[in-house]
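Some notes on the structure that comes next.
The values are calculated or read from the model by the stated rules, or taken from the named source; none is laboratory data. Computed from a predicted model, the values in this text were never measured in an experiment. Cβ placement follows ideal geometry from the backbone for every residue including glycine, while neighbour counts extend to all protein chains displayed. Just the protein is used for accessible areas: all its heavy atoms, side chains included, with ligands, DNA and RNA removed. Shrake-Rupley method; radii C 1.70, N 1.55, O 1.52, S 1.80 Å.
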Amino acid sequence: MSAEENRAVIRRAYDELWNERDVSVVDELVAEDFLNHAAPPGRRRGRQGLKDVVRMFEDAFPDFRYEVEDVISEGEKVAVRDVFTGTHWGEFMGIPATGNRVAMEAIHIYRFGGGKLAEHWVARDDLGMMRQLGAVPALGRGKETDTA
């Protein structure tokens, strides 16, 4: 596939799969043996694992949205810089709902194989998100100490 065709698949994945929550497009856009190197612990592999991750985010952040900032494509790889936003209305990774609004930037790298998404890696600010959820205190906000 061309770089432009790969970008088009990525756009569809963000628009239809993530933002519209249409998990049926996974079967069309994603390789059966898809390997998500960033999947939460204990998740299934392959297409079903990706569908599970979408549902996990939808359950925890029903209003979530991904805004794609940049898409760069070369050869069989596509890099995406995005911003995830949502309101924490359901349990997420063991954290009860807080009602907190979160925003998290990330850079994803996807590898295509046979015209489909075959692998995924991500660098994201998980610690920042946990702070926004109140699961981890921000630095400098812990117990004050007296140094005098």
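Quick notes
- Qualifying residue in segment 62-71 (condition: of a type in the set (Val, Ile, Thr) and touching an Asp or Glu at 6+ places or on another chain (Cβ under 8 Å)): yes
- Look at segment 75-104: where a residue is touching a residue at least 24 places away in the same chain (Cβ under 8 Å) and among the aromatic types (Phe, Trp, Tyr) and a partner is part of a loop (DSSP other than H, G, I, E, B) and open to solvent by 50 Å² or more (accessible area, probe 1.4 Å), sitting 6+ places away or on another chain with Cβ atoms under 7 Å, you get Trp89/Pro62; Trp89/Ala97.
- One residue stands out among those in segment 53-66 that are open to solvent by less than 30 Å² (accessible area, probe 1.4 Å) and assigned to a helix (DSSP H, G or I): the one that is nearest to Met104 (Cα to Cα), which is Phe57.
- Hits in segment 62-85 - residues which are more than 12 Å from the chain's Cα centre (by Cα) and of a type outside the set (Val, Ile, Thr): Pro62, Asp63, Glu69, Asp70, Ser73, Glu74, Gly75, Glu76, Lys77, Ala79
- The selection criterion, being open to solvent by less than 20 Å² (accessible area, probe 1.4 Å) and either within 19 Å of Arg12 (Cα to Cα) or of a type in the set (S, T, N, Q) (or both), holds for Asp82.
- Qualifying positions in segment 1-41 - in a helix (DSSP H, G or I) and charged (D, E, K, R): Glu4, Glu5, Arg7, Arg11, Arg12, Asp15, Glu16, Asp27, Glu28
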